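Below is one structure, written out as structure tokens; comments come after it.
All of the numbers you see were taken from the coordinates with simple rules; none came from a lab. No experiment lies behind these values; they were computed from the predicted model shown. Here the Cβ is made from the backbone with ideal geometry for all residues, glycine too, and neighbour counts use every protein chain on show.
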């Protein structure tokens, strides 16, 4: 089975019916019918390419390089035959635990850009997110996940019954062929571990008017360009507060988990958002760059809702200071149940502006269980 001939389809999501009732969805309604999504078109360039003028229009430029490279990366775009000013590139350090870590970023191209140049020893690729051949996806476009009946109790106090509504992988246009090699082998077989922590990220990517396309850009970077075989986050949230299913977790219809999650027994699929701390660590990523500004109120509210839900279905205490234990090596690392990416690794993520208010805007709201 060749990668390009693999028939893309959604994860079956009927199994979520038992987990909660349908919720009103933030954002535009998505019908549970066949969708046609444009494939991502990519045009890679070498680290020594200088000024690159892609053959087709491009929406974003992806930047990747080894974590050992210390030069500060920067990018500039050509528009109307004129090169603009150099702009800093905000890199993430992440990766699958069975691969070398990588620093990467996705940079939005200005309208009408005809070329770009990157300095700092990086590989790049120009992505066109809207003009590729149509990819047909079938299945539910949305689903919901709720906490068990009766709410839940932690050391911080009683909670209600939080819920979240997800855009499925089919709903945002995941090309499932990325997950397989030319012989049909799964490039990143699912591995599950009991949930210990929840980690918040940002994409450091200026968003567009098509947030599903923004998710597809991150998916292409992780799955294809970095050759992970899938997206490295479990959950993504856009500026409108819409929540997206991330890493593929199997055919049972439950995002993130190995099956219907129960407090104390919930196991999450291993992703690639916090290198060496991925097992049992659920990655929730906000679309946007929060180096100099905060996420929208809608995004912050959705993030709080999602974190409450994840605490409810796993039994994790949002106020707890924990000792993260790597299930393979036994290495122990002091942490908090709800952490920022930068709490685990040397990275700017989830942005300086957001990080400064993270405790009051997110963690304390989750702990309070309301407001």
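As I understand it, the value is the acute angle between the Cα axis of helix 211-220 and the longest principal axis of the Cα atoms of the chain; what does it come to in degrees, rounded to 10?
It works out to around 80 degrees.
For the range 329-359 and the range 159-183, compute the distance between their C-alpha centroids and round to whole Å.
25 Å
Normalised by the residues of the chain, what does the relative contact order come to in percent, with Cα pairs under 8 Å and at least six apart?
In percent, rounded to a whole number, it is 20.
Say we join alpha carbon atoms closer than 10 Å with springs in a Gaussian network model of the chain; which of 131, 59, 289 then has the biggest fluctuation?
131
Measuring from label point to label point, each 7 Å out along Cα→Cβ, what is the residue 136 to residue 325 span in nm?
So the two model labels end up 5.0 nm from each other.
On the Cα set of the range 41-128, report Rg and Dmax in Å, please.
In Å, with Rg to one decimal and Dmax whole: 12.8, 44.
With just the Cα atoms of the chain, tell me how far they stretch along each of the three principal axes, in Å, largest first.
Principal extents (Cα only, largest first): 62, 42, 39 Å.
What ranking do 201, 222 get, fewest neighbouring Cβ atoms within 10 angstrom at the top? Show your work: numbers first, answer last.
Details: 201 24, 222 29.
In order of increasing Cβ crowding within 10 Å: 201, 222.
Can you give me the angle between helix 297-314 and the longest principal axis of the chain, using Cα atoms only, in degrees from 0 to 90, rounded to the nearest 10?
Roughly 50 degrees, rounded to the nearest 10.
Given contacts defined as C-alpha pairs under 8 Å and at least six residues apart, what's the relative contact order of the range 214-369, whole-number percent? Spell out each step's value before the answer.
Working: 262 pairs, mean separation 30.7, N = 156.
Normalised by residue count, the contact order of the range 214-369 is 20 percent.
When a/c is below 1.5 the answer is rounded, else prolate if a/b is larger than b/c, else oblate, so apply that to the range 228-371 with a ≥ b ≥ c taken from the square roots of the Cα gyration tensor eigenvalues.
In terms of gyration-tensor shape, rounded.
With 5 Å bins from zero, work out the P(r) of the range 248-311 over every alpha carbon pair and list the percent per bin.
3, 16, 19, 22, 20, 12, 6, 2, 0
To the nearest whole percent, what portion of all C-alpha pairs in the range 114-250 is separated by more than 26 angstrom?
Value for the range 114-250 (Cα pairs over 26 Å): 34 percent.
In percent, what relative contact order does the range 41-128 have, based on Cα pairs under 8 Å that are 6 or more apart in sequence?
51 percent
Neighbour counts of other C-beta atoms within 10 Å: give me 237, 322 arranged from fewest to most.
Arranged by neighbour count, lowest to highest, 237, 322 become 322, 237.
Between residue 47 and residue 293, what FRET efficiency follows from the Cβ-Cβ distance if R0 is 25 Å, with the result rounded to 0.05?
So, using R0 = 25 Å, E works out to roughly 0.25.
Taking only the alpha-carbon positions of the range 173-286 and ignoring solvent, what does the Debye formula give for the base-10 log of I(q)/I(0) at q = 0.11, 0.14, 0.19 Å⁻¹?
For the range 173-286 at q = 0.11, 0.14, 0.19 Å⁻¹, log10 I(q)/I(0) is -0.34, -0.55, -1.01.
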